[in-house]
1. I'm told Phe128 meets every condition in (1) surrounded by fewer than 20 Cβ atoms within 10 Å (Cβ to Cβ); (2) under 25 Å from Glu112 (Cβ atoms) except one. Can you identify the failing condition by its number?
2. Test of understanding: among Thr119, Thr187, Thr141, which residue is open to solvent by 70 Å² or more (accessible area, probe 1.4 Å) and touching a Leu at 6+ places or on another chain (Cβ under 8 Å)?
3. Return the residues of the range 17-53 that are near ligand 2 (Cβ under 8 Å from one of its atoms) and in a strand (DSSP E or B); say none if nothing qualifies.
4. If you check Arg105, Arg67, which single one turns out to be touching a residue at least 40 places away in the same chain (Cβ under 8 Å) and crowded, with 21+ Cβ neighbours inside 10 Å?
5. When you check Gly219 against the structure, is it modelled with pLDDT under 95, open to solvent by 20 Å² or more (accessible area, probe 1.4 Å) and not acidic (Asp, Glu), yes or no?
6. Would it be correct to say that Lys241 is among the charged types (D, E, K, R) and either crowded, with 18+ Cβ neighbours inside 10 Å or assigned to a strand (DSSP E or B) (or both)?
7. Since Asn208 meets every condition but one in (1) open to solvent by less than 30 Å² (accessible area, probe 1.4 Å); (2) of a type outside the set (Lys, Arg); (3) in a loop (DSSP other than H, G, I, E, B), which condition does it not meet?
8. Tell me, yes or no, whether the range 173-180 has at least one residue that is surrounded by fewer than 20 Cβ atoms within 10 Å (Cβ to Cβ), modelled with pLDDT of 95 or more and not in a strand (DSSP E or B).
Amino acid sequence: MEKLLNISLLLILNSVATSQPVTDPVAFLRCLERQPTDPASPNSAVAYIPTNSSFTTVLRSRIPNLRFDKPTTPKPVAIVAAATWTHIQAALGCARELSLQVRIRSGGHDFEGLSYTSTVPFFVLDMFSFRNVDVNVTDGTAWVDAGVTTGELYYRIAEKSNVLGFPAGLCTTLGVGGHFSGGGYGTMMRKYGLSVDNVVGSGIVDSNGNIFTDRVSMGEDRFWAIRGGGAASFGVVLGYKIRLVPVPEKVTVLPSEEPSEKEPLIL
Ligand SMILES: Cc1cc2nc3c(=O)[nH]c(=O)nc-3n(C[C@H](O)[C@H](O)[C@H](O)COP(=O)(O)OP(=O)(O)OC[C@H]3O[C@@H](n4cnc5c(N)ncnc54)[C@H](O)[C@@H]3O)c2cc1C
Ligand SMILES: *[C@@H]1O[C@H](CO)[C@@H](O)[C@H](O)[C@H]1NC(C)=O
Ligand SMILES: *[C@@H]1O[C@H](CO)[C@@H](O)[C@H](O)[C@H]1NC(C)=O
């Protein structure tokens, strides 16, 4: 009986110990080094901690909302600028091991700063190195990585074709990772619907570090959830496979201002 009590006490103490977040940036680096690694691209080489000279630059480079860029804004323990699947798995492993919250950031345009702030100890898993766009004009599809901006996507499509486009947001610095996972509306919405209506596949890493590279392996429920439900609750989106839509070669755009007594609409 006493032994049993001791064991359960040990278990309780243990769980208390591991539920206390470890907020020492160096401990975070050491943790990344302990995770499975690709020798060609070590995990710690893509990690920025506050003592790295470029930490603040990298952190602020995707904080478009200055309300969340104050000295009092809670700062991450580290930024992991993942460039490979292994980096993502290592970061998630350390989130578990050190009881830190993960904030995933693609374009950083979250209205509430949720991709780079938190009220509990956290680090940023930054997706800006996931920047590949593969346009296949023959079958009218493209693969677009999560860290690509909408502007980059439009540009890459236009490089290959002047009669194909993609319905998404107006602002060209939105990250595909956050934008598509929230729906994505824009000027082509009335003809072609939302971005997610034209998303035909995706890849995701779940919270346990399992990688699903396509729609079939991730399952229809998860695929449905990450197209409108805000993907951060379901995993780290690697990218999306999209169906391009036909657009006219030339488009005429004219601004029209409605005189109004009310507050002007500020975009
Ligand atoms: C100036 C401005 C203009 C906008 N214009 C439009 C518009 O025209 N049409 C429209 O529909 N919306 C528009 N939005 C809203 C925009 O689509 C959302 O804020 C979107 O979430 C931004 O995505 P992001 O990757 O840039 O943001 P982030 O801040 O990086 O991410 C937003 C959310 O998604 C999560 N997330 C990011 N990347 C991933 C990933 N790879 N895997 C899992 N979760 C992830 C983040 O954790 C966060 O919760 C606009 C926003 C701004 C600030
Ligand atoms: C940040 O500094 C640590 C050592 O303090 C180093 O291991 C890491 O590679 C640096 N990060 C970058 C992106 O240079
Ligand atoms: C483009 O799509 C076509 C038709 O599905 C396919 O045969 C071809 O291999 C694709 N090209 C590339 C570069 O993936």
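The values are calculated or read from the model by the stated rules, or taken from the named source; none is laboratory data. Just so you know, these numbers come straight off a predicted model, no measurement behind them. Because the Cβ atoms are built from the backbone with ideal geometry, glycine has one as well, and the counts that use them run over all protein chains shown. The protein model used for the area step is the full one, side chains on, heavy atoms only, and it has no ligands, DNA or RNA in it. Shrake-Rupley method; radii C 1.70, N 1.55, O 1.52, S 1.80 Å.
1. (1)
2. Thr187
3. Ala47, Tyr48, listed by residue number.
4. Arg105
5. No; evaluated as a whole, the condition is false for this residue.
6. Considered against the rule, which asks whether it is among the charged types (D, E, K, R) and either crowded, with 18+ Cβ neighbours inside 10 Å or assigned to a strand (DSSP E or B) (or both), Lys241 comes out as yes.
7. (1)
8. Yes, the range 173-180 contains at least one residue that is surrounded by fewer than 20 Cβ atoms within 10 Å (Cβ to Cβ), modelled with pLDDT of 95 or more and not in a strand (DSSP E or B).
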